[in-house]
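Working notes for the structure below.
The values are calculated or read from the model by the stated rules, or taken from the named source; none is laboratory data. Not measured: the values here are computed from a predicted model. Virtual Cβ from ideal backbone geometry, glycine too; neighbours counted across all protein chains shown.
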Amino acid sequence: MEASQHQHKKAPPPKPRSDERPCENVLYARSCDEAVKIYKAYGAVEISTPATDEFMQFASTLYMKMLSMCPVQEEGNRGELRHCVNAPGNVNDDAFYNLFSYIMEPGRILYNLLKAVEPTLKLEKLGGDVVLPGAPNSDATKWHRDWELSNLIVAVSVFIHPITVVDAPLWIATPDKQVCCVGPPGRLLVRDVATWHRGSEHLGATARALPAYLFTSAKARREHKLDPVRTRTQWNWNPHLREFVHERDAPSDTASFRIAIGWDEQDETQQSDG
Ligand SMILES: [Fe+2]
C-alpha cells in the first residue's frame with residue numbers, strides 16, 4: 001500500500017538550490033564536541049568566535065601592527081611578498097595579547113577545545129604571516145608539514161578580516177579532500193602543525209594578515225626543548241590565560257630565571273603525556 005502511494009506521487013520533493021546546500025567544509029564545527037571529533041580525525045578544525053565590535057577593534061589594531069612588521073621593499077622571509085612575523089617581542093605587544101585574550105575566553109569553543117585536545121598545552125610563540133597582493137607561489141605554497149611528529153605543537157590562526165579564495169588562503173589536506181580555509185572575521189583555524197597544508201598565491205587586492213598563536217605540549221617541551229613563553233610574568237596574564245602560560249614564569253633579566261628553567265624541566269619530566 002505504501003509502495004503504491006509513493007509511485008503515485010505527482011512530484012518529487014524539491015531539491016535544494018545549489019546556494020542553499022549546507023556548508024561543505026568538512027573541517028568546520030559548530031560545537032566544542034564536534035570540534036574535538038574533527039580535530040582528532042583530521043588534525044585540524046575550523047570554528048568561529050563572535051566577531052563583535054570589540055573583536056573587530058582588536059583585529060584592526062593587530063592588522064596594522066602586523067603590516068608594520070613587514071618591510072615593503074625587501075624580499076619577504078617566506079618568499080616574495082610573503083612575511084612571517086613570529087617574534088619574541090610579540091608576547092609583550094598589546095595588539096597580540098588583546099586578541100589572544102578575547103579568543104580564549106571561557107564559554108567559547110577554543111578554550112575547551114584546547115583543553116580536550118591536549119591538556120598540557122602552553123603558549124610557545126605569537127606571530128603569524130602577512131601575504132601582500134601579488135605574492136607568487138613559493139616554498140610556503142608547496143604541500144608540507146611544519147613538524148613531522150604529531151601531537152606536539154598546535155597552531156591557532158585567527159581570521160581578522162575576510163579571507164576569500166583569492167586572498168592567499170591556507171589549504172589543509174584531509175585523507176580525501178583538500179580544504180581551502182576561507183571565511184569571515186572571527187573564523188579560527190586550529191591545526192596540529194604536523195598536518196599537511198600549504199599557502200597559496202595572492203590574487204586579491206589587499207594585504208592578507210593571519211595571526212597565529214602556537215602552543216606546545218609537555219612532551220614537546222621535554223623531548224624537543226621547545227620553550228614556552230616566559231617573558232610576561234604570570235600575574236600580568238588574565239586569569240583565563242594563566243593555565244596556558246608557563247607555571248613558573250619569571251622576568252628574563254633576573255638570575256632566578258635560569259634557576260627557574262631547571263626547576264621547570266624537572267617538574268615537566270614528572271608529568272605524564274598519557
Ligand atoms: Fe607551514
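Looking at this structure, is I172 closer than 22 Å to L113 by Cα, within 16 Å of the ligand (Cβ to nearest atom) and in contact with a Lys or Arg (Cβ under 8 Å, 6 or more places away or on another chain)? Give the derivation first.
Numbers: closer than 22 Å to L113 by Cα: yes; within 16 Å of the ligand (Cβ to nearest atom): yes; in contact with a Lys or Arg (Cβ under 8 Å, 6 or more places away or on another chain): yes.
Yes; evaluated as a whole, the condition is true for this residue.
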* Structure fact -> Taking the stretch 44-66 and keeping only residues that are among the β-branched types (V, I, T) and free of Cβ contacts under 8 Å to residues at least 12 places away in the same chain, one is left with T52
* Hey, can you tell me all the residues within the stretch 119-149 that are within 15 Å of the ligand (Cβ to nearest atom), part of a loop (DSSP other than H, G, I, E, B) and not hydrophobic (A, V, I, L, M, F, W, C)? => N137, S138, K142, R145, D146, E148
* Take S157 and decide whether it is within 16 Å of the ligand (Cβ to nearest atom) and surrounded by fewer than 19 Cβ atoms within 10 Å (Cβ to Cβ). => no
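Quickly run through the stretch 196-208 and pick out the residues that are more than 11 Å from the ligand (Cβ to nearest atom) and under 19 Å from D146 (Cα atoms).
S200, E201
Return the residue satisfying two criteria in turn: it lies in the stretch 217-229 and is buried (at least 20 other Cβ atoms within 10 Å of the Cβ) and more than 29 Å from S60 (Cβ to Cβ), and of such residues it is nearest to the ligand (Cβ to nearest atom). Explain how you work it out, then say what you get.
Taking the stretch 217-229 as the starting set, the residues that turn out to be buried (at least 20 other Cβ atoms within 10 Å of the Cβ) are 217-218, 220-221, 228-229.
Adding the requirement that they be more than 29 Å from S60 (Cβ to Cβ) leaves 217-218, 220-221.
Values: S217: 19, A218: 23, A220: 17, R221: 21 Å.
Filtering first and then ranking leaves A220.
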* To do: Kindly provide the set of residues from the stretch 184-195 that are buried (at least 18 other Cβ atoms within 10 Å of the Cβ) and either modelled with pLDDT under 95 or within 16 Å of the ligand (Cβ to nearest atom) (or both), ordered by number.
  => L189, V190, R191, D192, V193, T195
* Structure fact -> Okay, strands (runs of 3 or more DSSP E) sitting entirely in the stretch 162-209 with 1 or more residues that are free of Cβ contacts under 8 Å to residues at least 24 places away in the same chain, I get 178-181
